[in-house]
Amino acid sequence: MRIITSDTMRSIDHKTISEGHVEGRILMERAGVGAAKEILRYSSLLNQNFSQRFVIVCGKGNNGGDGYVIAKYLSDQGKEVAIFSVCKVEDLKGDALHHAKLIPDELDFELVDGEVSFQTGDFIVDCLLGTGLSSDVKDPYYSIIKSINESPCPVASLDIASGLNGNDGKVQGIAVKADITLTVGFPKTGLLKNEGPEYTGRLKCIDIGFPEEIAAEFPMEGEMICEHELRKVFQRRHASSHKYQFGNVLVVGGSKNYGGAPFLASSAAARSGAGMVSVIYPQSVHSSGPSSLIKIPMPSTEQGVFSKKAALEIRNYLNKKDALVIGPGMVGEPEELFILETAMKSEIPVVADAGALSLLAANEILLKRETLTVLTPHTGELKKLLKGLNLESAKDLAEKFEIYVLVKGQFSELYTPEGECITNSTGCNALATAGSGDVLAGIIAAFISWNQDFKEAISAAIAVHGLCGEASPNGVYSSIADDFIEGIPKVLKSLSPYC
């Protein structure tokens, strides 16, 4: 999905309506209903004590109009709903007025002109300002936003957190601190720039059906992978298929103090559709993971890392592999270079992570491969790579070596060999836990082992990993990497009837 400025979004919206493609009130209904469904899904992840009442806080414009659609939908679903509005219904105009008139008479409606008191158990939906803000926030909006931020309630913002500039992501005096943002039509640049990510929280894209031919007339600022786009990736498998048709993945990694990492990666690959998964690890490591993994211990040094002899033995296991993960649990010791060289000199698609990245930073020649290579650094590892390779950016790294570079973060960015940047919309800070990156490497390897459209496969893997974090039943504080592996089947089944 294209990333655009909020100014461009208004132009697309205006042209769609003025040329008679879709009526404004229908677009508003689609936005509100789509957002309401996401609100229900998000609230279902919370303890029920934190969504006893949905409080829709509405402004005077179209963002407020979307709020009235949300209120009606939630009420129709049997939820307790209250509307806090900065104006009377009769003061609204156009499509917002149309939808406000559809609100049931029995719904709680309260005019607010300053600080607001929220109840314990409220779920706040911010529909105050949207992307139309062009100056600093003033009262009554300032006081209302201050009350929202001071409340102990979960908060969803429609389109963009009120007070955040939709173009540059700067806070205009004050902004709502959202736990989840439901951006309408196309994701806006302000969600991703400057302070935008901190105020956006989780991000969901609500597709409301703008004609593609109209959107294509306007410039885009980048590309984002959104959840609804993943469904096309997972197709029906032939009924007579066998395991070798679904990818043969090899994971190489581990060391004495980081023995679990290669098993996290290999277990994730096995749960992500690979027909067969093998894991090679130093003898100093105690094996773990499901019994379905093919476990191959290799000679190790006294320090508990792969020995030079392991590099010779690994060659016997490279035949007929469709993807190889190298690095989880490796620590960048000189002895590990031998096994990394063997892996990188193979003709197998490689996903390099963790300890492999620090070794690659000092051995540029290993990145010059004819076969697919994916690097998965976090920002610290990226800095080390760029310094070691004398480059300025992840884009430079991807283009120079014709590889994929995934920079992990809140909105992870995938740089392609062609110079493109694809931003991921899924995920949350539950993923900020040890081993999460190992799980991601395993998912990527599995997807590229059975999907030869590598850009699509890698993008989808990143998004699925993010969804596993969002769906973790143990929440932000208590999730561990093992939870994300257990969540892979649930996420895949939510995306396609064929998974």
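Spot the failing condition for Pro152; the list is (1) under 22 Å from Gly190 (Cβ atoms); (2) assigned to a loop (DSSP other than H, G, I, E, B); (3) not aliphatic (A, V, I, L, M), and only one is missed. For Pro152, the exception is condition (1). Of the helices (runs of 4 or more DSSP H) that lie entirely inside the range 426-499, those containing 1 or more residues that are touching a Cys at 6+ places or on another chain (Cβ under 7 Å) and among the β-branched types (Val, Ile, Thr) span 475-478, 481-495.
Checked across the range 386-400, the condition of being of a type in the set (S, T, N, Q) and part of a strand (DSSP E or B) holds for no residue. Picking from residues in the range 311-345 that are more than 19 Å from Val277 (Cβ to Cβ) and hydrophobic (A, V, I, L, M, F, W, C), the one that is surrounded by the fewest Cβ atoms within 10 Å (Cβ to Cβ) is Leu312. Close Cβ contacts (under 8 Å, 6 or more residues apart or on different chains) running from residues in the range 199-226 that are on the phi > 0 side of the Ramachandran plot to residues that are surrounded by fewer than 22 Cβ atoms within 10 Å (Cβ to Cβ) and in a helix (DSSP H, G or I) comprise Gly209/Arg30.
Taking the range 79-119 as the range and being within 22 Å of Pro154 (Cβ to Cβ), of a type outside the set (Phe, Trp, Tyr) and surrounded by 12 or more Cβ atoms within 10 Å (Cβ to Cβ) as the test, the residues that pass are Lys79, Glu80, Val81, Ala82, Ile83, Ser85, Val86, Leu107, Asp108, Val112, Glu115, Val116. Among all residues of the range 65-78, there is none that is surrounded by fewer than 20 Cβ atoms within 10 Å (Cβ to Cβ), farther than 21 Å from Leu164 by Cβ, of a type in the set (Asp, Glu) and over 32 Å from the mean Cα position of the chain (by Cα).
So which pairs qualify, if the first residue must be in the range 107-124 and under 11 Å from Ile144 (Cα atoms), the second must be of a type in the set (Ser, Thr, Tyr), the Cβ gap must be under 6 Å, and the two must be at least 6 apart or on different chains? Pairs that qualify, where the first residue is under 11 Å from Ile144 (Cα atoms) and the partner is of a type in the set (Ser, Thr, Tyr), are Gly114/Ser143; Glu115/Ser143; Glu115/Ser147; Val116/Ser147; Phe118/Ser151. Just checking, does the range 293-308 include any residue being assigned to a loop (DSSP other than H, G, I, E, B), touching a residue at least 60 places away in the same chain (Cβ under 8 Å) and either out of contact with any Lys or Arg (no Cβ under 9 Å at 6 or more places or on another chain) or not assigned by TED's automatic domain parsing to the domain that holds Leu397 (or both)? Checking the range 293-308: not a single residue is assigned to a loop (DSSP other than H, G, I, E, B), touching a residue at least 60 places away in the same chain (Cβ under 8 Å) and either out of contact with any Lys or Arg (no Cβ under 9 Å at 6 or more places or on another chain) or not assigned by TED's automatic domain parsing to the domain that holds Leu397 (or both). None of Asp126, Asp122 is closer than 20 Å to Thr183 by Cα, surrounded by 14 or more Cβ atoms within 10 Å (Cβ to Cβ) and in contact with a strand residue (DSSP E or B) (Cβ under 9 Å, 6 or more places away or on another chain) except Asp126.
The residues of the range 174-190 that are in a loop (DSSP other than H, G, I, E, B) and among the hydrophobic types (A, V, I, L, M, F, W, C), listed by number, are Ile174, Ala175, Val176, Ala178, Phe186. Taking residues in the range 172-186 that are in the same structural domain as Ile148 (by TED's automatic domain parsing) and hydroxyl-bearing (Ser, Thr, Tyr), and partners anywhere that are part of a loop (DSSP other than H, G, I, E, B) and buried (at least 20 other Cβ atoms within 10 Å of the Cβ), the pairs with Cβ atoms closer than 8 Å and at least 6 places apart or on different chains are Thr181/Asp159; Thr181/Ile160; Thr181/Ala161; Thr181/Gly201; Thr183/Asp159; Thr183/Ile160. Of the residues making up the range 307-320, not a single one is touching a strand residue (DSSP E or B) at 6+ places or on another chain (Cβ under 9 Å) and under 21 Å from Gly388 (Cβ atoms). Within the range 140-149, is there a residue that is farther than 29 Å from Leu192 by Cα and of a type in the set (D, E, K, R)? No, there is no match, as no residue in the range 140-149 is farther than 29 Å from Leu192 by Cα and of a type in the set (D, E, K, R).
The values are calculated or read from the model by the stated rules, or taken from the named source; none is laboratory data. For clarity, every value in this text was computed on a predicted model and none was experimentally measured. In this analysis, Cβ positions are derived from the backbone assuming ideal geometry, glycine residues included, and neighbour counts consider all displayed protein chains.
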